[in-house]
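Inspection log for the structure reproduced underneath, given as structure tokens.
The values are calculated or read from the model by the stated rules, or taken from the named source; none is laboratory data. Everything numeric in this text was worked out from a predicted model, so none of it was measured. Neighbour counts run over all protein chains shown; Cβ positions are idealised from the backbone, glycine included.
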Amino acid sequence: MRIIARRTLVAFIESRRRSADHAAVKAALSAWFAEASKARWTTMADIKALYSSASVVSADRVVFNIKGNDYRLVAAIDFEKAIVFIKWIGSHKDYDKINVREIAYNG
């Protein structure tokens with residue numbers, strides 16, 4: 001899959017630089033990026049097979065749990081074009097404040 005807005009992940013990691021969990025967040029997002037980049041998902045079932053804890057929100061939107069569910073990554077998937085669009089990333093607490101179906105890119 002091609003990941004659109006990788007800079008969103010980089011910026012989020014940088015924003016956590018002074019936090020105690022910076023290294024863990026960086027490792028978790030790097031692992032997710034590597035796995036998603038190599039994936040060839042054609043359906044949400046393919047995503048659920050690799051990420052059983054992911055939440056399917058709609059036919060094209062999914063929420064990934066990052067770092068033991070401390071953080072959430074909202075993505076829109078275009079299966080035909082093999083593209084993952086990162087829409088939002090933040091803490092679980094901040095996730096509870098957004099409308100996951102409507103949140104737009106926050107970069």
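Check R7, R2 and return the single one that is of a type outside the set (F, W, Y), modelled with pLDDT under 95 and over 11 Å from the mean Cα position of the chain (by Cα).
Details: R2 fails: modelled with pLDDT under 95.
Unique residue meeting the criteria: R7.
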> Restricting the range 16-38 to residues that are more than 16 Å from the chain's Cα centre (by Cα) and part of a helix (DSSP H, G or I), which is surrounded by the most Cβ atoms within 10 Å (Cβ to Cβ)?
Replying inline: H22
